[in-house]
1. Are any of the residues in segment 35-44 surrounded by fewer than 19 Cβ atoms within 10 Å (Cβ to Cβ) and either at positive phi or not in a loop (DSSP other than H, G, I, E, B) (or both)?
2. Suppose we filter 192, 229 for residues that are more than 22 Å from residue 137 (Cα to Cα), more than 13 Å from the chain's Cα centre (by Cα) and part of a helix (DSSP H, G or I); which single one remains?
3. I'm trying to understand the selection: among the residues of segment 174-184, which are out of contact with any helix residue (DSSP H, G or I) (no Cβ under 8 Å at 6 or more places or on another chain) and closer than 18 Å to residue 22 by Cβ?
4. Find the strands (runs of 3 or more DSSP E) located wholly in segment 102-153 whose residues include 1 or more that are surrounded by fewer than 20 Cβ atoms within 10 Å (Cβ to Cβ), and list them.
5. Is it true that residue 65 is closer than 24 Å to residue 47 by Cα and in contact (Cβ under 8 Å) with a residue 12 or more places away in the chain?
6. Is it the case, given these coordinates, that residue 13 is surrounded by fewer than 24 Cβ atoms within 10 Å (Cβ to Cβ), more than 16 Å from the chain's Cα centre (by Cα) and in contact (Cβ under 8 Å) with a residue 12 or more places away in the chain?
7. Would you be able to say whether some residue in segment 78-91 is buried (at least 24 other Cβ atoms within 10 Å of the Cβ) and not in a helix (DSSP H, G or I)?
8. With (1) touching a helix residue (DSSP H, G or I) at 6+ places or on another chain (Cβ under 8 Å); (2) assigned to a loop (DSSP other than H, G, I, E, B); (3) buried (at least 19 other Cβ atoms within 10 Å of the Cβ) as the list, and residue 187 as the residue in question, which single condition is left unmet?
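Derivation of every value follows stated rules applied to the coordinates shown; laboratory data play no part. What you see is a predicted model, and the numbers here were worked out from it, not measured in a lab. Note: ideal-geometry Cβ built from the backbone for every residue, glycine included; neighbour counts use all protein chains shown.
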């Protein structure tokens, strides 16, 4: 079985549709999970919520989801993130806001005989929204989950870390933290949306980058009256 894992959509419908189209063309996923931050930053909050609800088998809460749907933590977001949270909140129906507010902080599931964990930021304290940007912070997380694989998002950068130094690819016999990167606002220098595909038969993992029209997505940000920096970040992938 192949499982697609996506994260940090951030109300970028063009990027989300490109990822779903790529998965369909490849026949790459029987199950799809979303690691949160469906909303925030971009202009298409309502459409992204509906597409994620329609297509994903499990969705966890992200910090921007909490800011938009629960009005929690808005003040700690950057100024452009606060503006987008206010914009997105106005775009969502009461029913969509309720659905988003009810997303769990953590999901666990078993597929193909493998137990998997899904969380937006970190398994040890999901609501703390810790960024696992360095080796030391990530290494400490292995004590917080028993499963062989924990998928995390939040940093907008694809990454794989094993429980042992020198293990550079996903293979049986080790435990892993896997970040599939960001669909809607990549920050690793590439503007292309990122999605992860985990194969339960081989215990293998592939990160896939998908081309899309970033210029059009940026123009939609501008057209919605959102901060210019949010449009520029889509083009830079930073």
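1. No: segment 35-44 contains no residue that is surrounded by fewer than 19 Cβ atoms within 10 Å (Cβ to Cβ) and either at positive phi or not in a loop (DSSP other than H, G, I, E, B) (or both).
2. Being more than 22 Å from residue 137 (Cα to Cα), more than 13 Å from the chain's Cα centre (by Cα) and part of a helix (DSSP H, G or I) holds for just one of 192, 229, which is 229.
3. The answer is 180, 181, 182.
4. 106-111, 114-119
5. For residue 65, the condition - closer than 24 Å to residue 47 by Cα and in contact (Cβ under 8 Å) with a residue 12 or more places away in the chain - is met.
6. Taking the combined requirement at face value, the residue does not satisfy it.
7. Looking for residues that are buried (at least 24 other Cβ atoms within 10 Å of the Cβ) and not in a helix (DSSP H, G or I), one finds none in segment 78-91, hence no.
8. That leaves (3) as the condition not met.
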